[in-house]
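The structure appears below as structure tokens.
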Amino acid sequence: MDEESLEEWSARRDKRRPAPGERRAVPLGDRAEQGTHVDPDAPRGTQQWDGSQWVPAGVAEDFPAAAAETGEDADARAARVPLPQFSKLPPAPEPWRPTDLFYRP
């Protein structure tokens, strides 16, 4: 496996991280990891990235209001993250063969 330098890794990591002041909408309630299409009329919280963590910034009455409040931050962040490179599968490994011959009695 190729080793990447710390600077390359840091640059790649910084592309994925949000910029300070960037905002996002999150659902309020017990199921915080649900998608935006699930119950779009439920209240949403807005969070702002302060450089090291997401901090609460406000509350919106539904998803469209929260999306309008966060602006284009989510779209800009998604555009910065490159998609993975897909290519052919690696060659199949050689089948396992025992090292000692086994003779059935």
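If the condition is being of a type outside the set (Gly, Ala, Ser) and free of Cβ contacts under 8 Å to residues at least 24 places away in the same chain, then the stretch 28-48 contributes Asp30, Arg31, Glu33, Gln34, His37, Val38, Asp39, Asp41, Pro43, Arg44.
A quick yes/no check of all residues on (1) farther than 20 Å from Pro20 by Cα; (2) at pLDDT 75 or above; (3) in contact with a Leu (Cβ under 7 Å, 6 or more places away or on another chain):
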| residue | (1), (2), (3) |
| --- | --- |
| Arg44 | yes, yes, yes |
| Gln48 | no, yes, no |
| Gly51 | no, yes, no |
| Ala67 | no, yes, no |
| Asp75 | no, no, no |
| Leu89 | yes, yes, no |
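Out of the residues in the stretch 1-22 that are open to solvent by 60 Å² or more (accessible area, probe 1.4 Å) and outside any helix (DSSP H, G or I), state the one that is nearest to Pro56 (Cα to Cα).
So the first thing to find is which residues in the stretch 1-22 are open to solvent by 60 Å² or more (accessible area, probe 1.4 Å), and the list is 1-4, 6-9, 12-17, 20.
Filter again for outside any helix (DSSP H, G or I), leaving 1-4, 17, 20.
Numbers: Met1: 41, Asp2: 40, Glu3: 38, Glu4: 36, Arg17: 18, Pro20: 14 Å.
So, considering only residues that are open to solvent by 60 Å² or more (accessible area, probe 1.4 Å) and outside any helix (DSSP H, G or I), the one nearest to Pro56 (Cα to Cα) is Pro20.
Report whether or not Val38 is surrounded by fewer than 16 Cβ atoms within 10 Å (Cβ to Cβ), in a loop (DSSP other than H, G, I, E, B) and either modelled with pLDDT of 75 or more or of a type in the set (Phe, Trp, Tyr) (or both). So Val38 fits the description; yes. Residues of the stretch 41-63 being within 20 Å of the chain's Cα centre (by Cα) and assigned to a strand (DSSP E or B), which ones? Result: Arg44, Gly45, Thr46, Gln47, Gln48, Trp49, Trp54, Val55, Pro56. For Glu33, the criteria (1) among the acidic types (Asp, Glu); (2) modelled with pLDDT of 75 or more; (3) surrounded by fewer than 11 Cβ atoms within 10 Å (Cβ to Cβ) hold in every case but one, which is (2).
The values are calculated or read from the model by the stated rules, or taken from the named source; none is laboratory data. Here the structure is a predicted model, which is why all the values come from computation and not from measurement. Positions of Cβ are backbone-derived with ideal geometry, glycine not excepted, and every protein chain shown enters the neighbour counts. Heads up: the accessible areas ignore ligands, DNA and RNA and are worked out on the full protein's heavy atoms, side chains in. Shrake-Rupley method; radii C 1.70, N 1.55, O 1.52, S 1.80 Å.
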